[in-house]
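All remarks here apply to the structure that follows.
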Amino acid sequence: MNAEVESLMDELLGAGSGQPSQDMQNRFQQVATSSSSNAVAQGMTSAFNSPQTPPFGQLVAHLFGQSNPDQRSGLLNRLLAAAGPNAGGLLSQLGLQSPAGSPTQNISPEQASQVTPQQVQEVATQAQNSNPGIVNTVSEFYAQHPMVVKTLGAAALWAILDHVRR
């Protein structure tokens, strides 16, 4: 598998910061699926923190936009949990209301479908500012969904594979 990872990394490096080809995305998905989810999650954390990739909020918004309703709901619930006391304000930003007397709510897939990637970008950035550990939480979540992760740009996929290779 190391030869496949090295070959794919070389091709991604050649793609620069652009979108990798469908073939590269599919090969990334195969490598990510056959690798430990811990290695993929650590690679995603590296990609989220890399100066070579867009900011965390922007990458999370992209992943959200590529996710199915259940994944969107899972992501939003993790972002809100990481926000702690700021969760109520973030809910309002998303256009959602928490039940009376409850500081947060469990966002359903139907509710998550009403949220835009732009709103998620803002919420993810705020969640990161209030709890930097959210980067690891989101990485662990999306490491379970390589089909979504493969849609990130070439630089992010390269950073993930670099960590998987080690």
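The values are calculated or read from the model by the stated rules, or taken from the named source; none is laboratory data. Quick caveat, the model's predicted, so the values are computed rather than measured. When we count neighbours, we look across all protein chains shown, and the Cβ atoms used for this are built from the backbone with ideal geometry, even at glycine. The accessibility values were calculated without ligands, DNA or RNA, using every heavy atom of the protein model including side chains. Shrake-Rupley method; radii C 1.70, N 1.55, O 1.52, S 1.80 Å.
Numbers below:
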| read-out | value |
| --- | --- |
| Per-residue [θ]222 nm for the chain (sum of -39500 (n - 2.57) over DSSP H runs n ≥ 4, rounded to 500) | -21000 deg cm²/dmol |
| Inter-centroid distance (Cα atoms) of segment 50-98 relative to segment 133-166, Å | 16 Å |
| Summed side-chain charge close to GLN66 - residues other than GLN66 whose Cβ falls under 12 Å, Lys, Arg +1, Asp, Glu -1 | +2 |
| Against the rule of thumb 2.2 N^0.38 Å, how large the Cα Rg of segment 124-166 comes out | 1.27 |
| Estimated FRET transfer efficiency when R0 is 25 angstrom, pair GLN144-ARG165 (beta carbons, to 0.05) | 0.80 |
| Ratio Rg/Rh [Cα only; Rh per Kirkwood] for the chain | 1.00 |
| Rounded FRET efficiency, nearest 0.05, which uses the C-beta distance separating ASN136 from GLN22 and R0 of 30 Å | 0.50 |
| In nm, spacing of pseudo-spin labels at GLN118 and LEU13 (7 Å Cα→C-beta vector) | 3.8 nm |
| Accessible-area composition of the chain, carbon plus sulfur, in percent [1.4 Å probe] | 49 percent |
| The chain: relative contact order in percent, alpha carbon pairs under 8 Å with at least 6 residues between | 44 percent |
